[in-house]
Structure formats: structure tokens, C-alpha cells
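S.K.: Dropping a structure here in C-alpha cells format, bear with me for questions.
The values are calculated or read from the model by the stated rules, or taken from the named source; none is laboratory data. Values in this document were obtained by computation on a predicted structure and should not be read as measured data. Every residue, glycine as well, gets a Cβ built from its backbone with ideal geometry; the counts of neighbours run over all protein chains shown. For the accessible areas, the whole protein counts, side chains as well, though only heavy atoms, and no ligand, DNA or RNA atoms are used. Shrake-Rupley method; radii C 1.70, N 1.55, O 1.52, S 1.80 Å.
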Amino acid sequence: MTRYELVCVHSDPEQLLLLQSSLAVLGSHFNLRLYRDHHHWQQAELSPSAIALIVAELTSSTLTLLSQHAQQHPETPILVLTPSELSLLPCLINQARVDLVLEGNISDTQLHQINQLLCHFLRQRQGLTQELQTLLGGTSPPSLNPSQQTQFLDYGLYSDTELSALVINTLYRVFKENDEQHVCRNYSKNHLLTREGEHNNALWFIAKGEVQLKKSTPNSGEQEVTVMRSGSMVGGMSFITGEPAFTTSITLTETEVIKLEKNQFATLMKSNSELLGPFTHLLLRNFNRRLQGSIITKLKLQSTLQSLDAAHAQLVETEKMAVLGQLVAGIAHELNNPVAAILRGTDTLKTKVPFLLDQDLDIKTRQLGATTLNHAMKITPLSTALIRQRTKAAIPLFGNNALARKAVQMELDSPEKFHQHFAKSNPSEMGQSIKMLDNYYLVGNFLRSIDVCAKRIADLVKGLKHYAGQDVEQAVFADIHEGIEETLVIFENKLKAYEVIKTYQSIPLVQCHPIELQQIWTNLIANAIDATQGVGSIQISTSSLVRDQRDYICVSVEDNGPGIAKSKQAAIFELNYTTKREGNFGLGIGLTVCQQIIKRHHGEITVSSCTDEENHFTRFDVYLPVINPIIKQRARAENLQESQ
Amino acid sequence: MNKYIILCVDDEREVLDSVLADLDGLSELFDLEAAQSVDEARDFLTESQQNQQTLALILCDHLMPGTKGVDFLIELQQQGEYKAAKKVLLTGQAGLEDTVEALNRGGLDFYIAKPWQGDELFAHTQELLTDYILDNEKDLMRYARLLDAEKIFSAIHARRQSISND
């Protein structure tokens, strides 16, 4: 037997709900279709011949549709709801027909008329069974169990606000006349609805106002989860599942609510079954919104986490740059001395060499000059103190301080040499001769000095090259002492005022990423310099040892600074811990970086420190396994982020 | 042995040798002395005092192991016998703070940045020594040859006039 369709089309969800409840009695034998607009009706592709009744809002678009339908199926009764625009009604009457115009609320009389129309329709289709006739005959009480089909209609077309307004307005209507149980309430500000972790027996619909949901945080604080506004439901989850409330909810403003306790809810759903559909939808919608909300939050958190990771990587990079910047400044200073000496040297050579080439000297002087030059080029110069001492001794022979000093520098000041070279000359000739030889000496000495200075620059540059370099992917066996020495070269300038005590034991080559390790030595030495504020002693020692049956090496950097209080020793490895002042190295995340590098090398860094007045020190011990084939490289992850 | 001393202090031997070479032209009338640390310079000064020699000019590096150059200049400034000596900082490493300190408390007369030009170093030293000699020496004539002759002659002239005016 055909099941006929009752079609209701209205853009106002409340009106639809009203229609639904009015026509609910017919639900047992008809499919009640509720549509928000004609499109949706068309999309439903109902068989037009199966439509037993159309109740529609009258608009220009439904007008067309109704006319079309009426032309093809003139037997279908067409009911319209009081149109807002009168002109449309004559159109419909002319183009098709109107069987009944309904007010918003369908009165019993009108319901009776509807039944009659349906009877008429069914009779035409020969579908009016006895059963239907009884139903439509009119007096039987409304069915309490309308077909489930009517319950899950097209609420998808309702917006969130519309759906909740539908439910809430209906609830208000239901309780308008009869609110013995005080379901509709007005809460003042700071009224507690649910309490986190406690059982909740009620469900609140917020008609007006704001309710804040919050959760307690691990550090005994509270964190707002969200603020529910009019149209939302509070307590839904705990109410339905019986689980303890997930959040605490409290009113932020004066709030109008409908509060339903379990038994009230049950009674309500029994007596107003048409509410079950919209209510279920509302509940699902609510949960769905919350779920979507938390998924969006999670996604946001993920991306935040990613950007935090990137920021961290960048911070590490910035720290590297900051240390590097200060090192470079130090190195610039450090380069300055040899560069100055070289420049002075070449400048002097530029005048001395042509001068010497121009001299017409006797062979003896020239030979002595060449010997002096060679000698000056090869020897380490005498200390200034020794020169002074010997100059003083030589003054009787050479007559004055200037000549004596020159003779000493050339090491021609001994009585034997004096007799050999100058005994036969008069003082004036001797003076001439020594001054001439001094030119040779200067040339030799400056050549040597340029050589020494250039080598120093080369060493510095070599150290720098490592800083600028990139570790190869595979861990390599490296000489730890070499790395430390290169780091010390970089710091030479800063370390001038220090007593640097190196106690190197013979240790094996260590499988590692040497440039990363260089960062550790840099940080530890920079920290030692900062801690001692420019003056003090720094001890660097290395040793080898066995731990857990594996070969390890240990590098210790100890300074005689004021020490770190016991209470702070754990904190120094934390990312944001710093005692750095202006003019110090880096940003104060050096130790964190060190720890990360050491962790990747499967090693350990420990700190021991003492703040006693007599014996204050801080020592960092870095333990690294000798054999260490698999070391994760930081560069990988970081470069990836940077390239994005 | 000359009456006056020029003392150069720098821990870098190569730098020290360069300075000495640049100032060699003054060695006839001034004992050109070098020290590789402040400690050595102190010892030398004590010794030179016993020899009745006077410090006319000190040319000092700043960043050295042990006592820093600026601190040494301050130390000298506070001792009466070295207060008059011309004080020159030859450095690439003294920051603004140190330099201000040297000026305010060390009686700094001149600051030469490394690297320097030999002839400029010589010229500045010559000027400073001229001023020193004019303030501290009676026998100006013998210094005219090596120092700023014009300045010295006009000073000699002025002195004669003031004597004849008396």
C-alpha cells in the first residue's frame, strides 16, 4: 500500500515545528516531510503522485512550484499559510488553487478540514482504507508514538541559531502556562551550573546571557574553555552520559535559562514527542560543534607547536650568531696586532731595502750585514729585560745607550765581537757602522716578524674556518685536543688576562661531529670568561675513563669565578636561564645548546660548583663515548625548517 | 745615558719592535726603552729613577696579561714623579669606557689606534715630547734638532725676552 506524503514547506523553522506537531497525529500513516525551501523539496525527489497534501508558505518561488504541481496533480490539496504579501494569493488561486489558508497555529477546526481534504484525496486515489478513515474521521486522540521517520527530518537546513531558537522557543511555549517545577529560571552573575568532576543531573538551555566553561589546570589554576551564549546547551554531555561534569560552568552575566532535570526531561519528551527530533539534533549539533572546536584547536596547537619548534631552532641559530658576533669582534681585535705589525714591517722594509741596495759598501760590512740579517730572521728576539741588562753592560764599549742597544739586538755586544768588528774603528766610524748594520738587522727582524704575524693570522683563520664549517653527515674520529686548542685561539684575546692551565692526558680519537663539539668548548670557555668577569684562572683538562664497560673521555672546564649556588645548579641548563649581562657572550642559552649536542652524542654534562669564599669554582665535566657511530644531527631538522 | 726616557709597553714583541723602529729617530736624545709587560715597566722605572733618569713619555698598549694599560697610566698619574710624563695609549682594544677612564684619571695625552702609520706615530710623539721638554727642561737648545724646532726656538726667544724684561 502506498504511503502518502504530507509536504510542509516553510522558511521559518519554528513554523515548521508547529506544523510538525499539529500534523503529528497523521504521522502514523503519512510521511511528514518538512522542507525549509522549495529547492530542498525538489531535491527530495518525492513521487509527485504520492503527495497527499501540501502546506506551504507562499512566496514567489513556492508559487511557481505549487502551480506546476497543481497542474499535473490537481487532486493534491494545497494549503498555504497566511501570506505576508496579499498579491501572491490571487496569483495562486488563478494559476492553481488554494484549498485552505492556515494561521500559524492549526486549530482543531482546521485540522478537521485538513482531514477532510485528505479523505477526499484518498478517495480519489481509492486509497481511503477503513483505518485511515477512522484516523481522519477526527476524534481519535493524537498518537503518542508518531513514526520515527518524522523525527529525523531535515534539520540540517537549520542554522545553529535557528535550531536552538526552535527548541528553546518551543520549550518556553510548553512551559509558558505550566511551569510548576520552575523550569524557566533567571540566574544572577556567578551562578554555578556544573562543577568539574561532579555528577550533573540537569540540562540547561541558555536563552539569554553568558555562561563560562572552565577547567582546572595542573598548577591549581583555572583555564577558560569557552563561553556559551544564548542558544547553547550546558551540561549536555554529563547529563546524557552520566559521567562527571568535564568542566565547571558559571554565569558571567545575568542569564535566562531553561533548566531540565532528568525526570522533567523524560516527562517533557513523552508529552511533547515532536521535540525529540529537534532536541536530538540540537544535542548532536552541540556536541559536533564542541568536537569540531577541539579538532580546530588541536590543529592550531599543532601548527603553533611547529612554529615554536621553528622559533626554537631560530633561537639556537641566533645564539650561535650572537656568540659568533662577539667572537668575531674579539678576533678582529686579535687580528689587529699582527696586522699592525705586518703593516709597520712592510712600511719599514719599503724604505730600508731600497736604501740598502743603494749603498756602496765594502765587502766586509756587506758580509757582516748579510750575517746580521740572516741572524735576525732566524732567532727568537731577546726579551726586552735582557736587552736592557746587556745594553747597560755594553754602554762602556759602545759609548751610548742607543748604539749599545742596537749592538745587543744584533748580538754584537760581547767583548769578543766588539774587538772583532769595531775595535779598529774610531767612535764615529763605529757609530756609522752600527747604524748601517742596524738597517740589516731591521730588515731581517721585520721579515721574521711578518712571518710570525702572518702565521698567527693563518692559525686564527684556520680556527675560524672550523666555526664556519659544516659537519659531515657521518661522525668522524677527531682529536678533541685540537678542537679545544682551536677554540682557545679564538678566545686568545679575551684570555690574555687569564691563567689558562691545560692538563691534557693522552686520550683516543673520539667519534663525533667535531664542529658541534667546538660549540660546546666555545660555550663553556665563554661562560668561564663571563663568570670570572675578565680576570682569573681557567683550567681545561682531559682524561679517559671507562663507564658501563664503554670507553669514555672527559673534558673539564673549570673557572675560579664566584660559583653557582646549589639551588641554581639544576636551572642553568634550562632554556631561559641566564645571568648574562651586557658585554657577555651569547644570549644565555648556550648551556641548553651544549646539553642538546651532548645528548645527541650520547654523552653527559655535569656541573660541580662551590661558592665558599676560600674555594669558589665552577666546573663542567663533559663525558663523551669514544665509539659513537650513530649520532643524530641537529642540522637536518633545522635546515629543513629554514628552507621552508 | 740620556736624561729622559721614552718607554714603550706592549706584550706583543712584534708590535713593540715596530714601535721602537718607528721612534728610532729619537734615540739620540732619549733612551728608547721597551717592556713586554706592566710589571717589567714598573721594575724598569724604579731602576731608572736610581739612575737619575726621568720618564718623558710612555706609550702603552691596553690589553695585556696582568695589569691593563689604562690602569698603569692611572697608576703613573697618581705618582708625582710620573705625573708630568706624556701618556700615550697605542691600542686597538680599549673600549670607550677604558678610554674615558684613561682620559679622566690617567692623564691620557694621546690615543693612537692600531694599526698606525709610522710617520704619524713619530710626529705625534715628537709633538708631545716638545711640549714635555718645554715644560720641564731648561736647556732647550739641544732638543731643537730632533723635536719641533720652531716651537722650541720661539720658546727660547720668549724666555730671553721675559728675562730681559725683568
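S.K.: Restricting attention to the stretch B:64-81, which residues are without any contact (Cβ under 8 Å) to a residue 40 or more places away in the chain and either surrounded by fewer than 24 Cβ atoms within 10 Å (Cβ to Cβ) or not hydrophobic (A, V, I, L, M, F, W, C) (or both)?
M.R.: Across the stretch B:64-81, the qualifying residues are B:66, B:67, B:68, B:71, B:74, B:75, B:76, B:77, B:78, B:79, B:80, B:81.
S.K.: Separate question: Within the stretch B:148-155, is there a residue that is within 14 Å of chain A (Cβ to nearest Cβ), open to solvent by less than 60 Å² (accessible area, probe 1.4 Å), hydrophobic (A, V, I, L, M, F, W, C) and in contact (Cβ under 8 Å) with a residue 12 or more places away in the chain? Break it down stepwise before answering.
M.R.: Taking the stretch B:148-155 first, the residues within 14 Å of chain A (Cβ to nearest Cβ) are none.
Checking the stretch B:148-155: not a single residue is within 14 Å of chain A (Cβ to nearest Cβ), open to solvent by less than 60 Å² (accessible area, probe 1.4 Å), hydrophobic (A, V, I, L, M, F, W, C) and in contact (Cβ under 8 Å) with a residue 12 or more places away in the chain.
S.K.: Of the residues B:106, B:92, which single one is facing another protein chain (nearest Cβ under 10 Å), touching a Lys or Arg at 6+ places or on another chain (Cβ under 7 Å) and farther than 21 Å from residue A:384 by Cα?
M.R.: Selected residue: B:92, the only one of B:106, B:92 that is facing another protein chain (nearest Cβ under 10 Å), touching a Lys or Arg at 6+ places or on another chain (Cβ under 7 Å) and farther than 21 Å from residue A:384 by Cα.
S.K.: Another one. Among the residues of the stretch A:103-121, write down those that are open to solvent by less than 50 Å² (accessible area, probe 1.4 Å) and touching a Ser or Thr at 6+ places or on another chain (Cβ under 7 Å).
M.R.: Within the stretch A:103-121, A:106, A:111, A:121 qualify.
S.K.: Residue A:393: open to solvent by less than 40 Å² (accessible area, probe 1.4 Å), of a type in the set (A, V, I, L, M), in a helix (DSSP H, G or I) and within 14 Å of another protein chain (Cβ to nearest Cβ), yes or no?
M.R.: no
S.K.: Please enumerate the residues belonging to the stretch A:329-347 that are at pLDDT 75 or above and more than 8 Å from chain B (Cβ to nearest Cβ).
M.R.: Selection gives A:331, A:332, A:334, A:335, A:342, A:346.
S.K.: For the stretch A:116-138: of the residues being polar (S, T, N, Q) and without any contact (Cβ under 8 Å) to a residue 40 or more places away in the chain, which is farthest from residue A:55 (Cα to Cα)?
M.R.: A:130
S.K.: Quick one: which of B:114, B:86 is farther than 25 Å from residue A:343 by Cα and either within 9 Å of another protein chain (Cβ to nearest Cβ) or basic (Lys, Arg) (or both)?
M.R.: B:86
S.K.: So, of the residues in the stretch B:37-49 that are surrounded by fewer than 21 Cβ atoms within 10 Å (Cβ to Cβ) and of a type outside the set (Val, Ile, Thr), which turns out to be nearest to the other protein chains (Cβ to nearest Cβ)? Give the derivation first.
M.R.: So in the stretch B:37-49, the residues surrounded by fewer than 21 Cβ atoms within 10 Å (Cβ to Cβ) come out as B:37, B:39-40, B:42-43, B:46-49.
Now narrow it down to the ones that are of a type outside the set (Val, Ile, Thr): B:37, B:39-40, B:42-43, B:47-49.
Working: B:37: 9, B:39: 10, B:40: 6, B:42: 12, B:43: 8, B:47: 8, B:48: 10, B:49: 15 Å.
Step by step, filter the stretch B:37-49, then rank; the result is B:40.
S.K.: Restricting attention to the stretch A:349-376, which residues are modelled with pLDDT of 90 or more and either of a type in the set (Val, Ile, Thr) or closer than 10 Å to residue A:443 by Cβ (or both)?
M.R.: If the condition is that a residue be modelled with pLDDT of 90 or more and either of a type in the set (Val, Ile, Thr) or closer than 10 Å to residue A:443 by Cβ (or both), then A:349, A:351, A:352, A:353, A:355, A:356, A:369, A:371, A:372, A:373, A:376 are the ones that fit.
S.K.: Within the stretch A:349-356, can one find any residue that is within 14 Å of chain B (Cβ to nearest Cβ) and either of a type in the set (S, T, N, Q) or open to solvent by less than 40 Å² (accessible area, probe 1.4 Å) (or both)?
M.R.: Yes, because at least one residue in the stretch A:349-356 is within 14 Å of chain B (Cβ to nearest Cβ) and either of a type in the set (S, T, N, Q) or open to solvent by less than 40 Å² (accessible area, probe 1.4 Å) (or both).
S.K.: Another one. Could we say that residue A:447 is away from chain B (no Cβ under 11 Å), open to solvent by 40 Å² or more (accessible area, probe 1.4 Å), modelled with pLDDT of 90 or more and assigned to a helix (DSSP H, G or I) here?
M.R.: Judged against the criteria, residue A:447 is a match.
S.K.: Something else: If you check residue A:385 against the conditions, is it farther than 16 Å from residue A:422 by Cα and touching a Gly at 6+ places or on another chain (Cβ under 8 Å)? Outline the logic, then answer.
M.R.: Working: farther than 16 Å from residue A:422 by Cα: yes; touching a Gly at 6+ places or on another chain (Cβ under 8 Å): no.
The answer is no for residue A:385.
S.K.: Within the bounds of the stretch A:489-510, is there any residue that is touching a Cys at 6+ places or on another chain (Cβ under 7 Å) and more than 14 Å from chain B (Cβ to nearest Cβ)?
M.R.: Start the filter on the stretch A:489-510 by keeping residues that are touching a Cys at 6+ places or on another chain (Cβ under 7 Å), which leaves none.
No, that holds for no residue.
S.K.: Looking only at the stretch B:1-52, count how many residues are part of a helix (DSSP H, G or I) and not aromatic (Phe, Trp, Tyr).
M.R.: Residues meeting the conditions: 26.
S.K.: Which of (1) assigned to a helix (DSSP H, G or I); (2) within 22 Å of residue B:118 (Cβ to Cβ); (3) within 12 Å of chain B (Cβ to nearest Cβ); (4) open to solvent by 10 Å² or more (accessible area, probe 1.4 Å) does residue A:388 not meet, given it meets every other one?
M.R.: (2)
S.K.: Something else: Count, please, the residues in the stretch A:88-110 that happen to be under 60 Å from the mean Cα position of the chain (by Cα) and small (Gly, Ala, Ser).
M.R.: Of the residues in that region, 1 qualify.
S.K.: Condition test on residue B:55, is it more than 9 Å from chain A (Cβ to nearest Cβ), open to solvent by less than 10 Å² (accessible area, probe 1.4 Å) and in contact (Cβ under 8 Å) with a residue 60 or more places away in the chain?
M.R.: Numbers: more than 9 Å from chain A (Cβ to nearest Cβ): yes; open to solvent by less than 10 Å² (accessible area, probe 1.4 Å): yes; in contact (Cβ under 8 Å) with a residue 60 or more places away in the chain: no.
For residue B:55, the condition - more than 9 Å from chain A (Cβ to nearest Cβ), open to solvent by less than 10 Å² (accessible area, probe 1.4 Å) and in contact (Cβ under 8 Å) with a residue 60 or more places away in the chain - is not met.
S.K.: Scanning the stretch B:104-136 for residues that are free of Cβ contacts under 8 Å to residues at least 24 places away in the same chain and closer than 16 Å to residue B:56 by Cα, which turns out surrounded by the fewest Cβ atoms within 10 Å (Cβ to Cβ)?
M.R.: B:123
S.K.: Which of the numbered conditions does residue A:379 fail, given that it passes all the others? Conditions: (1) open to solvent by 30 Å² or more (accessible area, probe 1.4 Å); (2) over 30 Å from residue A:487 (Cα atoms).
M.R.: Just one mismatch for residue A:379, condition (2).
S.K.: Can you pull out every residue in the stretch A:357-376 that is among the β-branched types (Val, Ile, Thr) and either buried (at least 20 other Cβ atoms within 10 Å of the Cβ) or within 14 Å of chain B (Cβ to nearest Cβ) (or both)?
M.R.: A:372
S.K.: Does the stretch B:1-28 hold any residues that are over 25 Å from residue B:92 (Cα atoms) and at the interface with chain A (Cβ under 9 Å from one of its Cβ atoms), and which are they? Lay out the reasoning, then the answer.
M.R.: If we filter the stretch B:1-28 for residues that are over 25 Å from residue B:92 (Cα atoms), which is where we start, we get B:1-4, B:27-28.
Result: B:1, B:2, B:27, B:28.
S.K.: In the stretch A:461-482, what residues are modelled with pLDDT of 85 or more and touching a Cys at 6+ places or on another chain (Cβ under 9 Å)?
M.R.: A:476, A:477, A:478, A:480
S.K.: Exactly one condition in (1) of a type in the set (D, E, K, R); (2) more than 17 Å from residue A:15 (Cα to Cα); (3) in contact (Cβ under 8 Å) with a residue 24 or more places away in the chain is not met by residue A:99; state its number.
M.R.: (3)
S.K.: Something else about it: Somewhere in the stretch A:500-508, is a residue in a loop (DSSP other than H, G, I, E, B), in contact (Cβ under 8 Å) with a residue 24 or more places away in the chain, in contact with a helix residue (DSSP H, G or I) (Cβ under 7 Å, 6 or more places away or on another chain) and exposed (fewer than 13 other Cβ atoms within 10 Å of the Cβ)?
M.R.: Looking for residues that are in a loop (DSSP other than H, G, I, E, B), in contact (Cβ under 8 Å) with a residue 24 or more places away in the chain, in contact with a helix residue (DSSP H, G or I) (Cβ under 7 Å, 6 or more places away or on another chain) and exposed (fewer than 13 other Cβ atoms within 10 Å of the Cβ), one finds none in the stretch A:500-508, hence no.
S.K.: Right, here's the next one. Do we have any residue at all in the stretch A:535-557 that's free of Cβ contacts under 8 Å to residues at least 60 places away in the same chain, closer than 25 Å to residue A:601 by Cα, open to solvent by less than 30 Å² (accessible area, probe 1.4 Å) and under 35 Å from the mean Cα position of the chain (by Cα)?
M.R.: Checked against the condition, which is being free of Cβ contacts under 8 Å to residues at least 60 places away in the same chain, closer than 25 Å to residue A:601 by Cα, open to solvent by less than 30 Å² (accessible area, probe 1.4 Å) and under 35 Å from the mean Cα position of the chain (by Cα), the stretch A:535-557 yields no hits at all.
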